[in-house]
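Engineer: There's a structure below that I have some questions on.
The values are calculated or read from the model by the stated rules, or taken from the named source; none is laboratory data. All values reported here derive from a predicted model rather than from experimental measurement. Cβ atoms come from the backbone with ideal geometry, glycine included; neighbour counts cover every protein chain shown. We work out accessible area using only protein heavy atoms, side chains counted, and drop any ligands, DNA or RNA first. Shrake-Rupley method; radii C 1.70, N 1.55, O 1.52, S 1.80 Å.
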Amino acid sequence: MDWNRSQIKQRLAVVCGGVAFFCALQNLPALAGALRWVLGVLGPFLVGGAIAFILNVPMRAIEARLPRGKRWKPLRRPLALVLTLAAMTGVVTLAACVISPGIGDAVRSITSQLPAAIRRMEEQLAELEAWLPQLETFAAGLEFDWKNLTEKAVTLVRDWGGGLVSSGGVLMAGVVSGVSTFVIGLIFSFYILLQKERLARQGRQVLYALLPEAWADKTLEVLRLSGRTFSSFLSGQCVEAVILGALFVAAMTVFRMPYALLVGVLIALTALIPVVGAFIGCVVGALLIAVTNPWQAVGFVVLFLVIQQIEGNLIYPHVVGSSVGLPSIWVLAAVTLGGKLMGIAGMLFFIPLCSVLYALFRGFVKARLSARKVPPRKWRDP
C-alpha cells in the first residue's frame, strides 16, 4: 500500500506520541518534579493572569460606560482600571467595617461573661471536694516512675520546640514567597489589563504562524467560549453570594437573631466558594450567636440548613448554571467532582470547565447527527 507524505507524518506523530507517553509513565516522579519547578517559576505570571482575568470582568463593564471621544481615548483604559481597583477596595473595606465591630462586640460579650464562667467553675470544683479523700486514697495506691516520666517530658518538649522552630522558619519563608508572588502577579496583571488588545493580537499571530489555519480557528473558538463561560461564572457566583447573604440577613432579622448583618456578610463572602463555602460562615455565625444565646445558635443552625437546601437545590444551580449554560444536575456533578479531585480550587474551576466541555460536546453531537442525517423524531422526546 502506497502512503503519501501526509499519511506518513500522521503515523509518525502517533508513534512519537506513544513513545513520549510511555516514557512519561516510566518517569512520573521526575515528571512531577519538573512540573512543580516549572509552576514555581511561572507562578507569579499565572497568578497575574488569574488576577487580570478576574479584574477584567468589572473593568470591562466600567470601561463601556465611560465617555467616548478622541480626547478620552488615551484615558479610558487607565481610568477604568483605577475605578475597578477603587470599587474592589471599597467592597473589601465595607465588608471589614461590617465584620470588625461585630467581632469586637462578640469579644466584649465573651469578656463580660468570663466572671460568671469562672464562678461556675469554682462551684464545680467545690463540689469535687467531697471526692478528694477517695481520690487521695486512689492516688496513694498508684506508683509512678517520676524520673522516667520527667525524662520523656523533657525529650518531648525539646523535639516539639525544635520542630516548632523549623516549621516556623518554613512557614515564614512560605509567607514571604506567597506575598512576593502575589505582588509580582498583581503588577503583571496591570500590564496585561492595560495592553490586553495588543497581547490578544500577538497571541493570534503566534497561533496562525504555528498551527494550520483550521486548527488555529478552532483553538480561538474554544478560547473565546472559555473566556465567556468563565466570565459568566464569576458574575453568577457573585450574584448568588449576594442573594444568599441577603436571605440570611432577612431571615435572622425576622427571627430576631443577633449579628444578622455580620453573619449575612460573612456567609456572602464565604459563599464565593461554590456550594460548601457557606458552611464556613455557618460555623462562625453559630459561634458568635452562641456567645449571646446558645439556644438561638441551635435555631440558627436549623435556619442555615433550611436556607442551604433552598440555595443548593434551587438558587445556585439556576443562577450559576444559567449563567454558564450548564444544566442544574451537571452543576452539582461538577462541584462534587472538582471538590474530590482538587478541593476548593476544583469547585471553582470545574463548573466553567464542565460548561465549556458540555458546549463543545453538544456541538459535536449535533454535527454528527446532522452529518449522519438522523431524523429528529428518533432522538426527540417520544
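Engineer: Can you pull out the residues in the stretch 249-303 that are among the polar types (S, T, N, Q) and either under 16 Å from ILE99 (Cα atoms) or in contact with a strand residue (DSSP E or B) (Cβ under 9 Å, 6 or more places away or on another chain) (or both)?
Structural biologist: Correct list: THR270 only.
Engineer: Which pairs have Cβ atoms under 7 Å, sit 6 or more apart or on different chains, and link a residue in the stretch 175-194 that is farther than 14 Å from ALA52 by Cα to one that is aliphatic (A, V, I, L, M)?
Structural biologist: THR181/VAL47
Engineer: State which residue is modelled with the lowest pLDDT when the search covers only the stretch 245-274 and only residues that are open to solvent by 40 Å² or more (accessible area, probe 1.4 Å) and within 15 Å of the chain's Cα centre (by Cα).
Structural biologist: LEU272
Engineer: Out of all the residues in the stretch 276-292, which are crowded, with 23+ Cβ neighbours inside 10 Å and of a type in the set (Val, Ile, Thr)?
Structural biologist: ILE289
Engineer: Within the stretch 293-310, can you find the residues that are crowded, with 16+ Cβ neighbours inside 10 Å and either free of Cβ contacts under 8 Å to residues at least 12 places away in the same chain or under 19 Å from ARG108 (Cβ atoms) (or both)?
Structural biologist: GLN296, ALA297
Engineer: Identify all residues within the stretch 183-234 that are within 15 Å of LEU46 (Cα to Cα) and surrounded by 15 or more Cβ atoms within 10 Å (Cβ to Cβ); write none if there are none.
Structural biologist: Scanning the stretch 183-234 gives ILE184, GLY185, LEU186, PHE188, SER189, PHE190, ILE192, LEU193.
Yes/no per residue for (1) among the basic types (Lys, Arg); (2) within 28 Å of the chain's Cα centre (by Cα); (3) at pLDDT below 80:
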{"residue": "ASN4", "(1), (2), (3)": "no, no, yes"}
{"residue": "ARG11", "(1), (2), (3)": "yes, no, yes"}
{"residue": "VAL14", "(1), (2), (3)": "no, no, yes"}
{"residue": "ALA20", "(1), (2), (3)": "no, no, yes"}
{"residue": "ARG65", "(1), (2), (3)": "yes, no, no"}
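Engineer: Another question, then. Going residue by residue through the stretch 253-261, is there one that turns out to be under 30 Å from GLU311 (Cβ atoms), in a helix (DSSP H, G or I) and among the hydroxyl-bearing types (Ser, Thr, Tyr)?
Structural biologist: yes
Engineer: Sticking with this structure for a sec: Starting from the stretch 353-382, take each residue that is open to solvent by 100 Å² or more (accessible area, probe 1.4 Å) and list its partners that are assigned to a loop (DSSP other than H, G, I, E, B), counting only C-beta distances under 9 angstrom and pairs at least six apart or across chains.
Structural biologist: Here the result reads ARG368/VAL374, each pair linking the stretch 353-382 to a residue that is assigned to a loop (DSSP other than H, G, I, E, B).
Engineer: Is it true that some residue in the stretch 371-379 is at pLDDT 80 or above and under 30 Å from GLU221 (Cβ atoms)?
Structural biologist: yes
Engineer: I would also like to ask the following. Six or more apart or on different chains, Cβ atoms under 6 Å: show the pairs whose first residue is in the stretch 70-97 and without any contact (Cβ under 8 Å) to a residue 60 or more places away in the chain and whose second is in a helix (DSSP H, G or I) and of a type outside the set (D, E, K, R).
Structural biologist: Filtered contacts from the stretch 70-97: ALA80/MET59; ALA80/ILE62; LEU83/ILE62; THR84/LEU55; THR84/PRO58; THR84/MET59; THR84/ILE62.
Engineer: I'm checking my understanding of the structure. Among residues of the stretch 70-100 that are open to solvent by 90 Å² or more (accessible area, probe 1.4 Å), more than 22 Å from SER189 (Cβ to Cβ) and in a helix (DSSP H, G or I), which one is modelled with the lowest pLDDT?
Structural biologist: Applying the filter and picking the extreme gives LYS73.
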